[in-house]
Structures are given as C-alpha cells and as structure tokens.
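Take a look at the structure below.
The values are calculated or read from the model by the stated rules, or taken from the named source; none is laboratory data. Note that the coordinates shown come from a computational prediction; the quantities given were computed from them, not determined experimentally. Positions of Cβ are backbone-derived with ideal geometry, glycine not excepted, and every protein chain shown enters the neighbour counts.
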Amino acid sequence: MRHAGALFLNTLCALALCQPVLAQPAGSGAAEMEKALAAIRPQAIRAHMAFLADDLLEGRRTGTRGYDLAAKYVVAQLAALGLEPAGTNGSYFQPVPLARMATVEPECSVAFLRDGRKTELQYGVDYFIRSVSHNSDVTAPVVFAGFGVTAPEMGYDDYAGIDVRGKIVVLLSGAPASFPHDQRAYYSHPAGKIRNLVARGAAGYLGIFTPELERVFPWEHALKEAGLPNVSWADETGRPHLLGPGTAILSWKGAEALFAGTPHRLEEIFKNAETGRPQSFELPVQASLRNRGRIEGIESPNVAAVLRGSDPRLKEEYIVLSAHLDHVGVGKPVAGDSIYNGAYDNASGVAILLEVANAFTHLPAAPRRSVIFLAVTGEEEGLNGSDFFAQHPTVPIGRIVANVNLDMFLMLYPLRDVIAFGAEHSSLALTVEEAAHRLGIAVSPDPFPEQVMFIRSDHYSFVQQGVPAISLDGGFQTGDPAVDGQAIREKWMKEKYHQPGDDMSQVIDVDAGAQFAKLNLLISYLLAQNDKAPSWNPGDFFGDTFRPAHAEPTH
C-alpha cells in the first residue's frame, strides 16, 4: 500500500444497512455460488502468502529478480486454473516500461539566500529529495502558494493574485479541510499539483508536510523511503511520464528556516491552513535548489488473466479484480533483518485474488461478464502498474465496467465489518451491501475521509479513466468487546508497516482472509451477473470529473 496516510486513528461507526437488499440478478444461481464460496481455501491463502513473502523474493521490489519470480508464480497459478492470458501478445504479462530514479544525495543541495547571506540546509535533517525525474539547478525567488490548489467549482484558487512564473513555489501537503471530502481527495493528489504549477511556469517546488499528514506519515518514515530508488512508468522516449520541476521536501526545521525573518511563522501557516482560507504571498528570500539523480530504464510486468463470460452480449464487458504484487524490497536493517517481505502489503491481496480466481473456476458456468484478474507492478512508487494498465488497457477501456481492488488486508482478528473505499460514489455501494449482507458482514463508512484514502491505491487509476471502482479493507469490529480492533491496527501500522517485520511470523488469521475472499468473490460475481453495468451516482464529483474519458457500455 502506498505510504501516505494509511494509519487509522478513530473508531468506526457501523453503517446501518438502510438500503433494501437488491433482488438477486437473473442467473446468479444461489446453489452454484455456494459451491464456489466453499472452494475458498484458508490454507491456500496462507500458502500463497508464504511463497510471495519468502526471503527468496527479497521484498518483491519493482524491477528486481524477486518481483519477476513473484510474477511468474502468479502466472503459474492462473494458468493452472485454465484462465486465458490477458496481457499483451497472447501472454499473461503486460510489460510496463519504467524509469528507475535514484537520488544522489551528496550532489543535491538546498540553500536560502537572504540579505546577502546564504543558509545551507542539511540533507536528511532539513530536507530530502525524492523522484529526480531529471537533473536540475534552480536559483529563484520563493513564493508560498498554500496547498497549490485551483478549484473553480469551489471558488478557490491558491494562485489568485500571485505570479509564480520562473519562481520556486512552496506548497503544503493535502487540500483545504473546508472542501467536501470528494474534492479534498481529488485536489490532494500530488500529480495534479505538479501539473498545476508546471502550467503556471514555476521553476521549482518545495513541499511541507502539514501536521495532519505528519501524524500518519512522520518525517522519519518519509525520509527512510526517500532513500530508496523510485520508479515511474515511462513514455515511448524512455522519460518518466510525469515530469516536474526541481523539487525538495522540507522538514519542519527546514521550513522554519525558510520563514525565519518574515512576518509569517510556520505555526501561523498551519493554523490558517486548517481554516481552509487561501494564503499566498511572496517571501523575501531566494532559494537555490540542486537535484541530482541517476535514471535507468527498466521493465517490470503486470500479470493479467481472464475468465471469459458466458453471455453472448455481456461477455465483451469486463470486471477487473486487482491487487499490487510489488513491495519495497531490501532496505536498511532492522534488528538485523534487511528484507521487507510485505506479507500483508500486499502478498495478502494477491493471495486472496488467486483464491477468488480459483473459486470462480468452480462455478458450473462462467459468469455473464468476463472477469480479469490483474496483479500490478509499481504500486509502492505511485500506482505505476495500474496507471499504465488503465491508460494502455489490454481490452478497450470503455468495456471495463468496474474495478474491485485488494490492498493490504490485515488478518489480525476475525472479520466482522468491511470498508469499501469509494463505494459511495457509484452503484457499487449497493452491490457491496448486498454481498456483505448475504455473508453476515457489516459495512462501515470510511472512518477518516480527511485522509483521502480513496486516491491512494490502485483503484484510483481506474477512477481517473471513468471506471467506477472500490478498494476493500477490513474494519475495526472484532466480535469481542475486550479486543480493540482499532488499537491492534494502529500498533501494526506503527511497528510493521513497510518494515521487515511484515512477514509470515506475525499473526495471520486465515479464516478471516477466507471470509474476505468470499466477500470479494460475491461482489465480483454479482457485478458480472447483473443486467445493468455499474454507474456513477448522479452529480458525483468523480463521475462528472472523469466520465468524459470513458465511453459508456453500448447496451
């Protein structure tokens, strides 16, 4: 799972199932579905996880031998089930061209120039640099532009009244808290901010974590990940597909040095940000920003297989089940262990995906729509594999009617409730509720919409192409008042997330995993059987924003 803001901090409130349960779609076959549900094997989930999280695979980092071994394992499992290839050139693989970028720390620098004095910042203490898409040297005046958000429909523009052309822009993470959660999620996305400042002619970019992001993704954690190579899918010339200006992320210490001697204190900046008011101004300082990195062209495959539908008309439409196969690889040792195995993140999702695929093959007849099983590369570095697939799909994008994503299901206690991130935007919410109701699982709302989890996993790549999508996760309910699910998850995030300890030695309740697999199976099956394709809710922000990119199904 991507690093930003994955930690849950508050208690869930259960969502009453106020919607009527949908009538069972024609041909959904209760007896046939019971046979498929019974085919879910808890120990098979453990076995898949054990292989994918083994030290042999060295953390499955994108573009490494360990990842390629994992991809071959997934292909073998899907082929053994008799599923057809859905990659390119008749294979199960979709090669993804990537640019691997590594920062050369000793050659990077950030300095502030004020009143003839130069203040050099210290790498790792005052700033870090991540994702050097090209080498650059910039010295320019500095402008603070709030969140860097331009939202015409909200009457909000951080760039109003300021000229950033040829200047270095300082931006806060996230988006105004006053925005509705949908808009806040959309405008928080870093790629949109970069496109905005590039379009305005900015020469460089300095980022600052807000206290909200710092709570869920501390500076120390970010600094650790910044030391790892990053990847971006590449265009036909081999360049990273999203090129930005020179950039650095400031610690609060570095940010305080930037605002020193100005009328504005960092504490004031954060306080104003909480109110949601635009706050932009020029700073009486120049910044010198030097980015140096190594860029190498590599290739890493997505894996795709398809179960062909049985309906003469609907089989040309597709439900995509996705899970990311990569993790963060080998890193700094922790207690003598340098392999970041990624058992939960995301061997769990891939293992469940494989068991759902297995269960589908136990149906007496294939579902009406076709189902694609997709394991993607490059999620940890920015949703690269899913974004590449969504922009270069192996089937027409207009024929992909829904995406159900599986990312880091924590089997730390029995499954009593689930969260379907993004379900509230489309008719997928009704399908989730129906499937959960049939299995006796509660559906809980997003507990922390301000953390904009909706944009932080692979389903968002499909959303940006106009496809209704959800990402499923477990909730906090444990069925035992003495067992605090929230506390258990918080502890795991603090101690295991993106750490070597995310391995097979930890608690793994495979019965919970099997129940979660059954839910994913039933949701996908209902979507594949229903006469009507999923649709965005009328007036939904994401549906209205991205619908033009997506041709609706013909029926």
Qualifying residues in the stretch 50-70 (those that are hydrophobic (A, V, I, L, M, F, W, C) and crowded, with 21+ Cβ neighbours inside 10 Å) - the one nearest to His498 (Cα to Cα):
Ala53
Working carefully through the options Ile488, Ile455, find the one that is in contact with a helix residue (DSSP H, G or I) (Cβ under 6 Å, 6 or more places away or on another chain) and among the β-branched types (Val, Ile, Thr).
Ile455
Note: among Glu120, Glu84, just one is at pLDDT 95 or above and under 28 Å from the mean Cα position of the chain (by Cα), namely Glu84
Can you tell me which residues in the stretch 326-378 are farther than 19 Å from Phe462 by Cβ, of a type in the set (Lys, Arg) and assigned to a loop (DSSP other than H, G, I, E, B)?
Arg368
Sort out which residues of the stretch 461-502 are touching a Gly at 6+ places or on another chain (Cβ under 8 Å) and surrounded by fewer than 17 Cβ atoms within 10 Å (Cβ to Cβ), and write them in order of number.
Glu495
Taking Ala304, is it over 16 Å from Arg61 (Cα atoms), assigned by TED's automatic domain parsing to the domain that holds Ile397 and among the hydrophobic types (A, V, I, L, M, F, W, C)?
yes
Identify the single condition in (1) assigned to a strand (DSSP E or B); (2) in contact with a Lys or Arg (Cβ under 8 Å, 6 or more places away or on another chain) that Asn405 does not satisfy, given that it satisfies every other one.
(2)
Residue check for Val142: crowded, with 17+ Cβ neighbours inside 10 Å, assigned to a strand (DSSP E or B), of a type outside the set (Gly, Ala, Ser) and in contact (Cβ under 8 Å) with a residue 60 or more places away in the chain:
yes
Answer from Ser505, Ser471, Ser457 - the residue that is within 30 Å of Leu223 (Cα to Cα), more than 20 Å from the chain's Cα centre (by Cα) and polar (S, T, N, Q)
Ser505
Matching residues in the stretch 438-468 (at negative phi and either assigned to a loop (DSSP other than H, G, I, E, B) or not assigned by TED's automatic domain parsing to the domain that holds Phe421 (or both)) number 12
Could you tell me how many of the residues in the stretch 32-82 are in contact with a Lys or Arg (Cβ under 9 Å, 6 or more places away or on another chain) and not in a helix (DSSP H, G or I)?
4
Only one of Lys532, Lys491 is out of contact with any strand residue (DSSP E or B) (no Cβ under 8 Å at 6 or more places or on another chain) and farther than 30 Å from Leu223 by Cβ, namely Lys532
Given Gly261, Gly329, Gly349, Gly254, which one is touching a Leu at 6+ places or on another chain (Cβ under 8 Å) and under 25 Å from Ala140 (Cα atoms)?
Gly254
Go over the candidates Asp458, Asp446 one by one and state the one that is surrounded by fewer than 23 Cβ atoms within 10 Å (Cβ to Cβ) and either closer than 21 Å to Asn346 by Cβ or modelled with pLDDT under 95 (or both).
Asp446
Restricting to the stretch 257-305, name every residue that is in a loop (DSSP other than H, G, I, E, B) and hydrophobic (A, V, I, L, M, F, W, C).
Ala260
Can we say Gly276 is surrounded by fewer than 19 Cβ atoms within 10 Å (Cβ to Cβ), at positive phi and more than 30 Å from the chain's Cα centre (by Cα)?
no
Among the candidates Pro141, Pro176, single out the residue that is on the phi < 0 side of the Ramachandran plot and under 21 Å from the mean Cα position of the chain (by Cα).
Pro176
With the condition kept exactly as written, say whether any residue in the stretch 538-553 is surrounded by fewer than 19 Cβ atoms within 10 Å (Cβ to Cβ), among the polar types (S, T, N, Q) and outside any loop (DSSP other than H, G, I, E, B).
yes
With (1) at pLDDT 95 or above; (2) in a strand (DSSP E or B); (3) small (Gly, Ala, Ser) as the list, and Ala102 as the residue in question, which single condition is left unmet?
(1)
Between a residue in the stretch 488-517 that is within 18 Å of Tyr340 (Cβ to Cβ) and any residue that is hydroxyl-bearing (Ser, Thr, Tyr), which pairs come within a Cβ distance under 6 Å, given they are 6 or more apart or on different chains?
Pro500/Tyr340; Asp502/Tyr344
Which of the residues spanning the stretch 174-211 are in contact with a Phe, Trp or Tyr (Cβ under 7 Å, 6 or more places away or on another chain), modelled with pLDDT of 95 or more and small (Gly, Ala, Ser)?
none
